[in-house]
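Following: one structure in structure tokens, then a few remarks.
The values are calculated or read from the model by the stated rules, or taken from the named source; none is laboratory data. Remember, it's a predicted structure, so these values are computed and weren't measured experimentally. Here the Cβ positions follow ideal geometry from the backbone for every residue, glycine too, while neighbour counts run over all protein chains shown.
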Amino acid sequence: MYSLVRRYLKTAIVFLGVGLAIGGWMIVRRELWSEFPAPYVVSAHTHALFVGFVMMMILGVALWLFPRPDREDARYSPRLAELAYWLLTGGTATRVAGELLRSGVGALWLRIVVVTAGFAQIAGLAVFFYTMWTRIRPVGSRSREAKGEKF
């Protein structure tokens with residue numbers, strides 16, 4: 001497992017911790033103080049878990065397990081996989097922090113930051129799947145399928 005894969009996976013675990021901490025904070029406030037979370041806090045919790053943890057884990061495992069790029073493959077680029085990491089990580093971290101702040105601050109600059117962070121997440125996912133597209137291919141299965149094997 002090489003360093004970029006480890007970074008995706010370890011970052012996913014950090015986002016899991018952040019998401020669980022936000023969730024713990026929300027349940028304490030709801031059950032002990034009867035204070036329901038603002039939609040922004042719920043959004044921060046959701047993005048920390050679903051984008052930060054689930055998507056980063058999926059992308060890291062995909063980067064690790066998918067077949068190596070063909071020698072002629074000009075589309076796959078480790079630099080683009082790295083760029084995708086930074087866009088997704090930065091966008092998600094900024095979005096989570098921004099959404100948490102939004103529950104108490106309505107300033108235009110903060111709303112712009114949250115929107116920009118959301119587009120960074122979108123761009124990170126688009127860049128990742130663009131560069132990985134050619135790695136989604138049969139490697140040994142084509143010959144086994146030709147022999148009639150089903151899986």
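Below is a table of values for the structure above.
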{"quantity": "Given (1) touching a helix residue (DSSP H, G or I) at 6+ places or on another chain (Cβ under 7 Å); (2) over 23 Å from Gly98 (Cβ atoms); (3) among the polar types (S, T, N, Q), number of the condition Ser34 does not satisfy", "calculated": "(1)"}
{"quantity": "Per-region count, the stretch 17-44, residues over 18 Å from Ala93 (Cα atoms) and in contact with a Gly (Cβ under 7 Å, 6 or more places away or on another chain)", "calculated": "0"}
{"quantity": "Qualifying residues in the stretch 116-142 (those that are aliphatic (A, V, I, L, M) and exposed (fewer than 12 other Cβ atoms within 10 Å of the Cβ)) - the one nearest to Phe66 (Cα to Cα)", "calculated": "Ile136"}
{"quantity": "Options Ala48, Ala84, Ala44, Ala74: the member that is surrounded by 21 or more Cβ atoms within 10 Å (Cβ to Cβ) and more than 21 Å from Leu110 (Cβ to Cβ)", "calculated": "Ala84"}
{"quantity": "Subset of the stretch 102-133 [of a type in the set (Val, Ile, Thr) and without any contact (Cβ under 8 Å) to a residue 40 or more places away in the chain]", "calculated": "Val105, Ile112, Val113, Val114, Val115, Thr116, Ile122"}
{"quantity": "Test: residue in the stretch 53-67 that is among the small types (Gly, Ala, Ser), more than 29 Å from Pro138 (Cα to Cα), modelled with pLDDT of 95 or more and touching a helix residue (DSSP H, G or I) at 6+ places or on another chain (Cβ under 6 Å)", "calculated": "no"}
{"quantity": "Lone unmet requirement of (1) modelled with pLDDT of 95 or more; (2) farther than 18 Å from His45 by Cβ for Thr134", "calculated": "(1)"}
{"quantity": "Enumerated helices (runs of 4 or more DSSP H) restricted to the stretch 32-151, each holding at least 2 residues that are polar (S, T, N, Q)", "calculated": "39-46, 78-102, 108-132, 141-146"}
{"quantity": "Phe66 vs. criteria within 12 Å of the chain's Cα centre (by Cα) and in contact (Cβ under 8 Å) with a residue 24 or more places away in the chain", "calculated": "no"}
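Rundown of residues vs (1) closer than 17 Å to Val18 by Cα; (2) aromatic (Phe, Trp, Tyr), yes/no style:
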site: Leu80; (1), (2): no, no
site: Tyr85; (1), (2): no, yes
site: Arg95; (1), (2): yes, no
site: Ala123; (1), (2): no, no
